[in-house]
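Heads up: the structure comes next, in structure tokens.
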Ligand SMILES: [Zn+2]
Ligand SMILES: [Zn+2]
């Protein structure tokens, strides 16, 4: 199974990296639609394109506005999976007529699960807070779980039709007590954000992002077979440096994919 890293930075693109977009072409699955999303067109090979959105910050959704070109003369239907409030936010804001002339051609699917009513008599509320599961037409099981991040985000754990597992975790602050530890335990591939080098812990807490050492600590504890660090800071002064990553990650299988790089599971 090939995993294509089409965008690997956060916040804004730079000369080397576009913002977040990771694709599994043979299954028609894409994590996030940052500026790297325009590259999806070159890899489309399925009748369905399933876009799994972690959240609706601009560096993860601006590429949805490229969808007309991405799908042009392709026989592909786009499905967008996101928390209900993010779908509403996109429709009302990103695709407000003052910002964009048309609604892009995607079908909405809310990542919602029935939460218990607060009081007797209350109707159950649809909320992504508890996490949930669904199965895509390609046979991939998708589980989502909440992440701590300003405005809220979700992580994903996929079980592919061949039984391999992939976890996608961005944007959030890694720590030894992270709520999603069980979700990344022993996965075949963990794709985890690493926006800051060490020393930026205050910025990480404030912005809901991760520093290098807490991410590597999680990797040691949860033992994914391989880990790809993504959502790097676009300013190199703030990003973890590859030689330092390799030094601190000694004994672990950790890489920092470049845009265009392919990992084969
Ligand atoms: Zn981001
Ligand atoms: Zn964000």
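The values are calculated or read from the model by the stated rules, or taken from the named source; none is laboratory data. Remember, predicted model here, so these are calculated numbers, not experimental data. Using ideal geometry, Cβ is built from the backbone for each residue, glycine included, and neighbour counts are taken over all protein chains shown.
If residue 38 passes every condition in (1) assigned to a strand (DSSP E or B); (2) away from ligand 2 (no atom under 16 Å from the Cβ) but one, which one does it miss?
(1)
Within region 246-265, which residues are in a strand (DSSP E or B), free of Cβ contacts under 8 Å to residues at least 40 places away in the same chain and either surrounded by fewer than 13 Cβ atoms within 10 Å (Cβ to Cβ) or in contact with a helix residue (DSSP H, G or I) (Cβ under 8 Å, 6 or more places away or on another chain) (or both)?
Passing the criteria: only 254.
So that you can scan it fast, the table gives a plain yes or no per residue for (1) crowded, with 18+ Cβ neighbours inside 10 Å; (2) at pLDDT 95 or above; (3) within 13 Å of ligand 1 (Cβ to nearest atom):
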{"site": "150", "(1), (2), (3)": "no, yes, yes"}
{"site": "156", "(1), (2), (3)": "yes, yes, no"}
{"site": "197", "(1), (2), (3)": "yes, yes, no"}
{"site": "204", "(1), (2), (3)": "yes, yes, yes"}
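Is at least one residue of region 57-75 at negative phi, in a strand (DSSP E or B) and within 16 Å of ligand 2 (Cβ to nearest atom)?
There is no residue in region 57-75 that is at negative phi, in a strand (DSSP E or B) and within 16 Å of ligand 2 (Cβ to nearest atom).
Which fully enclosed helices (runs of 4 or more DSSP H) of region 144-239 have 1 or more residues being within 25 Å of residue 1 (Cα to Cα) and in contact with a helix residue (DSSP H, G or I) (Cβ under 7 Å, 6 or more places away or on another chain)?
Filter on region 144-239 gives 181-184, 212-222.
Name the residue that is nearest to residue 153 (Cα to Cα), counting only residues in region 1-27 that are more than 12 Å from ligand 1 (Cβ to nearest atom) and part of a strand (DSSP E or B).
Looking at residues that are more than 12 Å from ligand 1 (Cβ to nearest atom) and part of a strand (DSSP E or B), I get 22.
So which residues in region 206-228 are within 14 Å of ligand 1 (Cβ to nearest atom) and under 18 Å from residue 22 (Cβ atoms), if there are any at all?
209, 210
What is the one condition in (1) under 17 Å from residue 34 (Cβ atoms); (2) assigned to a helix (DSSP H, G or I) that residue 243 does not satisfy?
(1)
So, residue 37, is that one over 19 Å from residue 167 (Cβ atoms) and buried (at least 19 other Cβ atoms within 10 Å of the Cβ) or not?
So residue 37 fits the description; yes.
Test residue 2 against the criterion of being touching a strand residue (DSSP E or B) at 6+ places or on another chain (Cβ under 8 Å), surrounded by fewer than 18 Cβ atoms within 10 Å (Cβ to Cβ) and closer than 27 Å to residue 160 by Cβ, and give yes or no.
yes
For region 175-195, how many residues are surrounded by fewer than 24 Cβ atoms within 10 Å (Cβ to Cβ) and either within 15 Å of ligand 2 (Cβ to nearest atom) or on the phi < 0 side of the Ramachandran plot (or both)?
Qualifying residue count, region 175-195: 13.
I'd like the residue in region 28-57 that is out of contact with any strand residue (DSSP E or B) (no Cβ under 7 Å at 6 or more places or on another chain), in contact (Cβ under 8 Å) with a residue 24 or more places away in the chain and more than 23 Å from residue 131 (Cβ to Cβ) and, out of all such residues, is farthest from ligand 1 (Cβ to nearest atom).
Only one residue tops the list, namely 46.
I need a count of the residues in region 164-174 that are surrounded by fewer than 22 Cβ atoms within 10 Å (Cβ to Cβ) and out of contact with any strand residue (DSSP E or B) (no Cβ under 7 Å at 6 or more places or on another chain).
1
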